[in-house]
1. Could you compute how fast segment 32-84 diffuses translationally, taking Rh as the Kirkwood radius over C-alpha pairs and applying Stokes-Einstein at 10 °C with viscosity 1.306 mPa s? Give it in µm² per second.
2. Based on the Cβ-Cβ distance of residue 74 and residue 5, what FRET efficiency does E = 1/(1 + (r/R0)^6) give at R0 = 30 Å, to the nearest 0.05?
3. If we sort 110-117, 123-130 on the protection proxy, mean other Cβ atoms within 10 Å, highest first, what's the order?
4. Just check segment 1-149 against the gyration tensor rule for me: Cα atoms, a ≥ b ≥ c as the square roots of the eigenvalues, rounded for a/c under 1.5, and otherwise prolate or oblate depending on whether a/b exceeds b/c.
5. Fewest first, what order do 52, 170 take by the number of other Cβ atoms within 10 Å?
6. Where the eigenvalues come from the Cα gyration tensor of segment 1-44, what are the semi-axes √(5λ) of the equivalent ellipsoid, largest first, in whole Å?
7. Starting from the Cα of residue 30, step 7 Å toward the Cβ, then list every residue of segment 50-69 with an amide N under 17 Å from that point.
8. In square nanometres and to one decimal, what's the mean projected area of the convex hull around the Cα atoms of segment 64-138?
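Here, each number is a calculation from the coordinates, and none is a lab measurement. Source: prediction; values computed, not measured. Cβ atoms come from the backbone with ideal geometry, glycine included; neighbour counts cover every protein chain shown.
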């Protein structure tokens, strides 16, 4: 299938099933996926040539939980979509909107649309209330911790590992959202990096912290770009030896 799609995109022609005559087409393809195509290309499950043929204008859309400002707009849109013919769209109560804004939406926009459709069907009044929402929105499952707690390990070790993972996730998310402003972003991260004393967790200042990682990266970049004194020392020694030998053979150099 990938080879056939690549041919259509590249040659702009195809044959019907069972046909022998090529049909020319002029189409514009809009492709969407929730998987990393770069990862699939790396593991040889998606053709690299097809990926570069499709990847002309790329738009990265964040999940719904990372853009809560879109939830009210989408919710109102879906109430208008599922309004009965001849009736005005149902209103959403403030309590329901608060639940919608606080829910993580693992199913993204499809889950939100299904929720609003259900609420419009089950609501007998003109306003959608809490009883019209699914139970998983009203009583969401407790979020799982992003790290494992080992009671056999000392508390400082557990805290150090937990803080390290949280800082990595924070840095990765911040870089994704500020990809176009990397330099100001690094300055902001350095400003808000943890400044509290870490002695109670057995971590020396700068080790394992986001601030320490940023400073370490800067030092590494500077060391790679700037030559050290050791790089110049053989040249200086050679020049000094040559000058000394000439001075011994030519006394006029001392004058």
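1. Numbers: Rh = 14.0 Å.
For the chosen part, D equals 114 µm²/s.
2. Taking R0 as 30 Å, the efficiency between residue 74 and residue 5 is 0.45.
3. Details: 110-117: 17.6, 123-130: 13.6.
Ranking, from highest mean packing down: 110-117, 123-130.
4. Values: a/c = 3.27, a/b = 1.72, b/c = 1.90.
Oblate shape, in that a/c is at least 1.5 and b/c is the bigger or equal ratio.
5. 52, 170
6. Details: eigenvalues 137, 32, 15 Å².
The answer is 26, 13, 9 Å, longest axis first.
7. Label zone hits: 54-62.
8. On the way: hull surface 17.7 nm².
Projected area, direction-averaged: 4.4 nm².
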